[in-house]
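Quick notes on the structure that follows.
What follows is calculated from the coordinates using simple rules that are stated; it is not laboratory data. Since this is a predicted model, take the numbers as computed values, not measurements. Note: ideal-geometry Cβ built from the backbone for every residue, glycine included; neighbour counts use all protein chains shown.
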Amino acid sequence: MKIDVQKLLKDDKAIFLAYDQGLEHGPTDLNLKTVDPKYILDIALDGGFNAIILQHGLAEKYYHGAYKDIPLILKLNGKTKLPHVEPNSKQICSVKRAIHLGASAVGYTIYPGSEFEEEQFEEFGKIVEEAHHHGLPVVLWVYPRGKAIENDLDTDLLAYSARIGLELGADFVKLKYNDDPEGYKWVVQNAGRTRVTAAGGEKESEKEFLDKTYELLQTGVKCFAIGRNIWQSDRPFSVAYAMKEIVFNGKKPEDVYHYLKEVKPVYK
């Protein structure tokens, strides 16, 4: 069956709104507004994001009604941030359940360098096979971790991570950015036809975030998975609007800073 990647893209680009932090990070990333999944889904819907990333429990309880207009990337594995000897994230949701919940794609995290790398690869291989059999694209989070990893932002290691995503059959590979735009071009090249998707990371100033978005586009990145830099902002729609102007309309950061003064601009 043909893999329908285009339903997640606009002009071959995408901005996904990530909201899997509750399981991965706990409530430290949340406040009285952002703890409510409806608040995040409203941002995704009204902000015109290409997709929303959720764990299956949130999808089952909140992904209903008008929210179905937002393509869903359902995360199939996850772990807590509680202490672990070596990072491992086991499958907690099936592809079949993801389809039942209305997912347009599925996601999975691996930790190259972990002593559990081999079983993660094996589990992911089965997920890719089943998801692609049903025409679902697969997003692979690749985060090198473990006692053998000294610097997970090393350019060569990120390039290796991108290649892992391609070799394991992912349609999108979600990677961190190391603020090395020239080196990151090599990272993107190693992904081949797998689309590098930049991870948003921790909250930073809105202007820094927009500057980094533009910088990443110059490296060849066309897809972004952003969470805290959108929904932790006091002006999430303003940041989303400005970001979309950069990603989809080719604007420079200095041309969109003025949107940050607006509470909720209407995207054209």
Measuring from a point 7 Å past the Cα of residue 121 along Cα-to-C-beta, which residues in the range 168-189 have an amide N at less than 20 Å?
168-175
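Would you order 99, 110 from fewest to most other beta-carbon atoms within 10 Å of each residue's own beta-carbon?
Numbers: 99 17, 110 27.
Lowest to highest Cβ neighbour count: 99, 110.
Per 0.36 nm of contour for each residue apart, how much would the distance between residue 134 and residue 31 grow if the chain were fully extended, relative to their Cα-Cα spacing?
Between residue 134 and residue 31, full extension yields an extra 33.3 nm.
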Evaluate the distance, in nm, between pseudo-label points positioned 7 Å from the Cα of residue 155 and of residue 182 along their respective Cα→Cβ axes.
0.7
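Say R0 is 41 Å: what FRET efficiency, to the nearest 0.05, do residue 96 and residue 234 get from their beta-carbon distance?
On the way: r = 40 Å, r/R0 = 0.97.
Once rounded, the FRET efficiency stands at 0.55.
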For residue 18, which sequence-distant residues (separation of 5 or more, or a different chain) have an amide H within less than 5 Å of its own amide H, given hydrogens modelled in the peptide plane?
53, 226, 227
Sort all Cα-Cα distances of the chain into consecutive 5 angstrom bins from zero, then give the percent of pairs in each bin up to the one containing the longest distance.
1, 6, 13, 18, 20, 18, 14, 7, 2, 0
Simple Cβ-charge dipole of the range 6-261, Lys/Arg +1 and Asp/Glu -1, about Cα centre, in debye nearest 20
840
Which value at 222 nm does the chain reach when only helices count, each DSSP H run of 4 or more adding -39,500 (n - 2.57), with the total divided by all residues and rounded to the nearest 500 deg cm²/dmol?
-11000 deg cm²/dmol
Output the Cα-based Rg and Dmax of the range 88-246 in Å, rounding Rg to one decimal and Dmax to a whole number.
16.0, 43
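Which links in 81/207; 174/203; 38/251; 147/212 stretch past 23 Å when you go from one Cα to the other? Walk me through the numbers before you get to the answer.
On the way: 81/207 29 Å; 174/203 17 Å; 38/251 30 Å; 147/212 29 Å.
Too far apart for the 23 Å limit: 81/207; 38/251; 147/212.
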Ranked 1, 243, criterion: other C-beta atoms within 10 Å, fewest first
1, 243
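Throw me the Rg/Rh for the range 153-243, computed over C-alpha atoms with Kirkwood Rh, two decimals. Intermediate values should be presented prior to the final figure.
Numbers: Rg = 13.2 Å, Rh = 13.3 Å.
Rg/Rh: 0.99.
Write out the GluC sites (Glu not before Pro) in the range 57-138 meeting two conditions: DSSP loop, and at most 16 other Cβ atoms within 10 Å of their Cβ. Display every interim value, and only then the final one.
Values: sites: 60, 115, 117, 118, 119, 122, 123, 129, 130; in loops: 115.
Those satisfying the criteria are 115.
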Have a look at 237, 194, 17 and report the one farthest towards the positive end of the charge dipole of the range 6-261, computed about the Cα centre with Cβ charges (Lys/Arg +1, Asp/Glu -1).
237
Distance (nanometres) between label positions extended 7 Å along Cα→Cβ at residue 260 and residue 167:
4.1
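Distances longer than 20 Å among the Cα atoms of the range 75-170: what percent of all pairs is that?
On the way: 1655 of 4560 pairs.
Summing the P(r) tail past 20 Å for the range 75-170 gives 36 percent.
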